[in-house]
Amino acid sequence: MKTEFLMTEETELSIAELKGNAATLEHISKVRGLLQRAAIELLKRGEFHDQSKLEPPEREVFAEYSPRLRGVTFGSPQYFDYLHEMNSALEHHYRFNRHHPQFFENGVEGMNLIDVLEMLLDWLASTKRHNDGDIMNSITVNSERFGISPQLAQIFRNTVRDLVTETSFAPDLLGSR
């Protein structure tokens with residue numbers, strides 16, 4: 001039985017071409033399955049992201065400091081002073097949330113791609129928590145802070161630009177207000 005899928009414009013596919021197509025279809029199916037596994041993991045991360053902030057010992061500290069942090073520039077000396085004051089809650093937070101480099105003994109190098117993507121998207125969403133939030137500045141500051149290579153930092157910038165350009169994902173997150 002001939003189908004359009006198995007026919008070129010004028011010639012039937014050879015047995016070798018059919019075997020090649022079968023191998024290609026098997027590869028496509030494997031990649032599809034792996035992408036679906038990664039998507040499921042991302043969905044799980046979305047469901048449980050930062051839930052520890054809603055319980056002691058983090059809840060009280062974040063409730064107190066979130067309004068304060070809104071008024072300071074990310075990466076400024078005042079910002080880091082507040083982080084120092086929040087240290088006990090942050091230590092707990094980092095122990096239970098693997099999208100933070102502090103979760104790993106070797107920082108970003110201990111993370112996997114899912115962790116890194118959640119971290120980047122956390123940074124992007126966090127820009128809304130500062131009056132003058134700017135994701136490109138956050139990438140620069142955090143690249144220095146966590147020893148992120150220029151190549152990975154550029155991948156972060158590319159990802160943010162593509163997310164904002166190609167989707168309806170909060171376009172106002174790209175720059176400062």
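Annotations for the structure displayed:
- Only Cα pairs under 8 Å and 6+ residues apart enter the sum, and on that basis the relative contact order of the chain stands at 17 percent.
- Nearest 10 degrees, 0 to 90: helix 150-166 Cα axis against the chain principal axis: 70 degrees
- One quarter of the convex hull surface built on the alpha carbon atoms of the chain amounts to 14.6 nm², the projected area averaged over directions.
- Here segment 103-167 has 52 percent of its accessible surface on carbon and sulfur atoms, given a 1.4 Å probe and all protein chains in place.
- Top of Gly107, Gly20, Gly33 by mean-square fluctuation, Gaussian network on the chain, Cα under 10 Å: Gly20
- Multiplying the residue separation of Asp50 and Asp132 by 0.36 nm and subtracting their alpha-carbon distance yields 27.3 nm.
- Average accessible area per residue (Å²) across the chain - probe 1.4 Å, nucleic acids and ligands excluded: 66 Å²
- A viscosity of 1.002 mPa s and a temperature of 20 °C, combined with the Kirkwood radius over Cα pairs in Stokes-Einstein, give a translational diffusion coefficient for segment 86-159 of 168 µm²/s.
- Helix-only [θ]222 nm of the chain, DSSP H runs n ≥ 4, -39500 (n - 2.57) each, per residue, nearest 500: -20500 deg cm²/dmol
- Annotation for Leu83 and Gln154: the two label points, set 7 Å from Cα along the Cα-Cβ direction, are 2.6 nm apart.
The values are calculated or read from the model by the stated rules, or taken from the named source; none is laboratory data. All values reported here derive from a predicted model rather than from experimental measurement. Glycine also receives a Cβ, built like all others from the backbone with ideal geometry; neighbour counts cover every protein chain displayed. Each accessible area value is taken on the protein alone, full model and side chains, heavy atoms only, with ligands, DNA and RNA left out. Shrake-Rupley method; radii C 1.70, N 1.55, O 1.52, S 1.80 Å.
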